[in-house]
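The values are calculated or read from the model by the stated rules, or taken from the named source; none is laboratory data. Quick caveat, the model's predicted, so the values are computed rather than measured. Neighbour counts run over all protein chains shown; Cβ positions are idealised from the backbone, glycine included. Ligands, DNA and RNA are stripped out before the accessible areas are found, and what is left, the full protein with its side chains, is counted by its heavy atoms. Shrake-Rupley method; radii C 1.70, N 1.55, O 1.52, S 1.80 Å.
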Amino acid sequence: MPLTSQHIDSKTVQALQKGDVRAFDELFRKYSERLYLFSKKYLKSDEEAHEVVQEVFLYVWEKRNELKPDSSFNAYVFTIAFNLVKKHFNRKARENKFMDEQLYLFLDASENLDREIDYKFLLEKVERIIDSLPERRKAVFMKRKYEGLPIKQIAAELSISPNTVENQLSAAQKHIQSELEKEKLGGFLFFSLFLAI
C-alpha cells in the first residue's frame, strides 16, 4: 500500500522533533511554494508573502518539540500562515486607523492654526487702524471698547456731550470697517460685535 502524504510528513516531523535539519529542509521544500502562493493571493505582495513563509517555518523550528506527528502537518502550517495573514491585515487596519487619526488631528490643528494666524493678523490690522484715528475719536473708542466705560462716563471724563461720544464711536466703527473692506480682508465681519456700539 503506497504511503500517503500525511504518513510521509509524520515520519519527517518525527525526525524534525529530534532536531534533524534535513527533515526541516524537506518540509520547507515541500510546503514553502504553496504557502507563498497562498499568502500572496491575500497580501498581493511578493515580499510580504515571502515573509509569511519565513515566519511560518521559523515558528515550526522553534516549536518543533511540540509538533504532533499524527496530526496533519499541511493543516498545521496553513493555519499558521492564515493567522499571520490575518495579523498582517489587523496591523494594517490599526496603522491606517492611526494614520487617519493623525491626519485628522493634523488637518484640525492646521485649520486651528490658520484661524489663529488669520485672527492675529486681523487683530493687528484693527489695532493699526485704531492707532490712526484722530486723538479724540481714538480716546472715545478706547474708553468704550477696551475699558468698557458707559457713554455718560466717557462724556464726563472727556468733557463732551453723550451725543458727541456716540457720534465719535459711530465714526470710528465706520472707519475701521471701511479700511478692512478696502483691503479685501475676509473675516472683517468677525469684529462686528466688537465694533458695535
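Tabulated data for the structure shown
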| item | result |
| --- | --- |
| Listed peptides 176-182, 137-143 by packing density, highest first (mean Cβ within 10 Å) | 137-143, 176-182 |
| Two-site label geometry, H50 and E135: point separation in nm, points 7 Å out along Cα→Cβ | 8.4 nm |
| Region 5-46, accessible surface, carbon-and-sulfur percent (1.4 angstrom probe) | 53 percent |
| Inter-part distance where region 39-76 and region 120-161 are each reduced to a Cα centre, Å | 79 Å |
| 12 Å beta-carbon shell around A171, net charge (K/R +1, D/E -1) | +3 |
